[in-house]
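Taken together, the values in this text are just the output of simple stated rules run on the coordinates, not laboratory data. Treat the numbers as computed from the prediction; the structure is a model and nothing was measured. Every residue, glycine as well, gets a Cβ built from its backbone with ideal geometry; the counts of neighbours run over all protein chains shown.
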Amino acid sequence: MLFDFELIKSVYEKMPERVNKARNVLGKPLTLSEKILYSHLSVEEKGEKFERGVDYVNFAPDRVAMQDATAQMALLQFMNAGKPKVAVPSTVHCDHLIQASIGAEKDLADAKDQNNEVYNFLESVSNKYGIGFWKPGAGIIHQVVLENYAFPGGMMIGTDSHTVNAGGLGMVAIGVGGADAVDVMAGMPWELKMPKLIGVKLTGKLSGWVSPKDVILKVAGILTVKGGTGAIVEYFGEGADAMSCTGKGTICNMGAEIGATTSIFGYDQNMSNYLRHTGREQVADLADVVMEHLRSDEEVYQNPEKYYDQLIEINLSEIEPYINGPFTPDLAHDLSSFAKAVKENDYPQTLEVGLIGSCTNSSYEDLSRAASLAKQAKDKNLKVKAEFVVTPGSELVRYTTERDGILKEFEDIGGVIMANACGPCIGQWKRHTDDPTRKNSIITSFNRNFAKRNDGNPNTHGFVASPELVTAMAIAGDLCFNPMTDTLVNEDGVEVKLDEPTGLEFPPNGFDMKDSGYLAPQANGSEVVVDVKEDSERLQLLAPFGEWDGSDYKGLSLLIKAKGKCTTDHISMAGPWLRFRGHLDNISNNMLIGAVNYFNEETNSIFNPVSGSYDEVPATARALKAQGVGSIVVGDENYGEGSSREHAAMEPRHLGVKAVIVRSFARIHETNLKKQGVLALTFADKADYDKIQEKDQIDIIGLTDFTPGTPLTLVVTHEDGTSDSIVANHSYNNVQIEWFKAGSALNLIRKQNK
Ligand code: F3S
């Protein structure tokens, strides 16, 4: 048994009382999200009522999942928390570092070879701290979580944006940065702004070519990539209840593409069936007993307009299949109008590759429906025109679909089965093309299709659709093909039509596999030695950051005054730097190299006060640090927006940046800076941003009396000897001030654990 039965039991035991209490406090019927959130408050409810979209709340999630790219820094940090074991059940999944090239076996062997030290580190650190480890090839994090760990009414966080996939099994599941995972694994509360709620009522029934994927592709068209920001999207209605659990997972997965905090469905018979088919009868039995708490109150379903901040209604009997793209997942085209859009926008009409699978769409149902089309192509003597690539989501699905002849249907039409991993979905795809400069089209059943996402080629137009539609389009090799109305000419010169796809929700002979790829941690990992080589270029053990020395900061040098947009990508770029995610010193060589220097409007070119000439940002920071001089970064509005990656806060801390002062912060980055011990300040008067000059020396006064609500003062001395006094606001509370004094939140946790 991989799931934590006792934990789930205790969540369900406490739930009725907590839900009733919350209902009394809020004085209204509750939605499902409210039930789950209020029963996961980190401190037992004191009758507090939190305003949606306004109040920050501390939660106690039930579990943590990490993928191999983000787990590295999360676990390097956790090692410094002074804890012998993780406080909640946690898992690591090796799925992102496997490159898809020629097929599962060879690709997996190559990945093990190339990433050997990273895998060894993750395996040993998991073993030491009581974390479940899923080896490379075991599957994609979100599919494995759905099959093994997700449970209705639970709350989890994961260091990947598509953690939200577990909403398909009725869980509040949220994607976060590594530092948040460390907090939860160390037993600390986890903070989130109480989300707003968007209700999506699904009426009617899916049929024919239409699948759950088309529902989320339509929703993405309605809400756009930003429409779900700060909200949980709750799906309900007869159309929701009639949908398979894995179909619900697909919809929740792509909630990340509309910016939603997460998405969720209420517990129903299909979820119960899925739990039972995946070896979790005991969980289903428990969930059945508390079913009323795992769905919204009936009054919410009857009058949803009164309880959601926004309500959308979709009749599943009326929608068509969708194809979204290129370059953004919210550019929705229904199938009937897609060919016209291809022509009008001059999208490359020849389809070069169709790709199915990924964490979004690789259930047994998905693959069996797609295989029904592959079989038709063979039976109807159709030559498949495009390349066809399949990435199963887990070993459970791969083994079972191989046993049931489904993978053979794909191979019979020329399909290549890749490893159970992210592969082309995250750009880990060694695509074999004769001319990468050619404008070209691919279609995938994945979730994201931003430029360069799949193959790193800006000329590739990526479209997203259901696995069955991807398969039909790959057979035709033509983006203008509409399988609902058009015919194809087969090898005998005869016109043939593809019938509607058919498939099975569950394998008739049950799921099976030989080796799940799971390694349970030792009961007592205290003797386990974590494997990190001194000279590794990819991994580096973290030394704790130094404590605050008890005095005001004096004589800080301005490092960079960033102009305009400065996201976490500008602060810590991705792309080739992903390789150094586990090595703080090496990845720090990308610090702020994307930020625009206010004084010369260039990137990665700033005045280096040590050499007296222009230099790169990381080199300048290193030169100042070597002289024992602290530095300060100045930024504009919404500084640090984007992802929650903690590297954007750890790198400045590592390279001697003492403070960041901006016109305004993106909240998550501000908190990350505080956690890493960098002072996060805002100009009380935004116009003071203009007073900062290139060669300024800055003192920060007031730290010895650092208290919540009391501003600090910046004394800015300019090159000509004149100076300005600038009021700097902060949003530190008492605990966060202790983080600052200890040198980082982790240092404080470690101290407390001693
Ligand atoms: Fe992996 Fe793509 Fe999902 S990168 S986790 S398969 S979104």
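Ignoring lysines fewer than eight residues from Lys49 along the same chain, the ones with Cα atoms less than 25 angstrom from its Cα are Lys14, Lys21, Lys28, Lys35, Lys193, Lys196, Lys306. Each peptide in 138-150, 111-123, 705-717, 657-669 was scored by the mean count of other Cβ atoms within 10 Å over its residues; highest first, the order is 138-150, 657-669, 111-123, 705-717. Protection proxy ranking, highest mean first, for peptides 672-678, 433-439, 405-411, 505-511: 672-678, 405-411, 505-511, 433-439, where packing is the per-residue count of other beta-carbon atoms within 10 Å, averaged. Take the alpha carbon gyration tensor of the range 537-628, find the square roots of its eigenvalues, order them as a ≥ b ≥ c, and report rounded if a/c is under 1.5; if not, report prolate when a/b exceeds b/c, else oblate. Cα axes put the range 537-628 in the oblate bin.
Rounded if a/c is under 1.5, else prolate if a/b beats b/c, else oblate: with a ≥ b ≥ c from the C-alpha gyration tensor eigenvalues square-rooted, which is the range 651-716? Rounded, because the longest to shortest axis ratio a/c is under 1.5. When both the range 85-112 and the range 382-450 are represented by their alpha-carbon centers, they are found 17 Å apart. Estimated from helices alone, the mean residue ellipticity of the chain at 222 nm is -9000 deg cm²/dmol (sum of -39500 (n - 2.57) over DSSP H runs with n ≥ 4, per residue). Would you work out if the range 322-495 is rounded, prolate or oblate? Take a ≥ b ≥ c from the square roots of the eigenvalues of the alpha-carbon gyration tensor; rounded if a/c is under 1.5, else prolate when a/b is larger than b/c, oblate otherwise. Since a/c reaches 1.5 but b/c is at least a/b, the shape of the range 322-495 is classed as oblate. Assuming charge only on the beta carbon of Lys and Arg (+1) and of Asp and Glu (-1), the dipole of the range 294-449 about its Cα centre is about 860 debye to the nearest 20. Just tell me which aspartates and glutamates come within less than 12 Å, Cα to Cα, of Lys135; anything on the same chain fewer than 8 places away is out. Qualifying aspartates and glutamates at Cα under 12 Å: Asp68, Asp95, Glu123, Glu395, Asp515.
Size estimate for the chain follows the Kirkwood approach: the inverse of mean 1/r over distinct Cα pairs works out to 27.0 Å.
Peptides 32-38, 297-303, 620-626 ranked from most to least packed by the mean count of surrounding Cβ atoms within 10 Å: 32-38, 620-626, 297-303. Computed from backbone phi, the HN-Hα couplings of the range 330-345 come to 9, 7, 8, 10, 6, 4, 4, 9, 5, 4, 5, 5, 4, 5, 4, 9 Hz, rounded to whole numbers (Karplus: 6.51 cos²θ - 1.76 cosθ + 1.60, θ = phi - 60°; Gly and Pro given as x).
For GluC sites (Glu not before Pro), the sites in the range 682-754 that DSSP calls loop and that have at most 15 other Cβ atoms within 10 Å are Glu719. Applying both filters, DSSP loop and at most 15 other Cβ atoms within 10 Å, to the GluC sites (Glu not before Pro) of the range 602-660 gives Glu602, Glu637. Between Leu311 and Thr722, the simple spin-label model (points 7 angstrom out along Cα→Cβ) gives 6.1 nm. Annotation: lysines with alpha-carbon distance below 30 angstrom to Lys695 (same-chain offsets under eight excluded): Lys554, Lys561, Lys563, Lys565, Lys625, Lys658, Lys674, Lys675, Lys686, Lys741. Its Cα centre serving as origin, the range 553-753 has a Cβ charge dipole (Lys and Arg +1, Asp and Glu -1) of approximately 880 debye. Under a 5 Å amide H cut-off, with hydrogens placed 1.01 Å from N, Glu313 pairs with Lys201 among residues at least 5 apart or on other chains.
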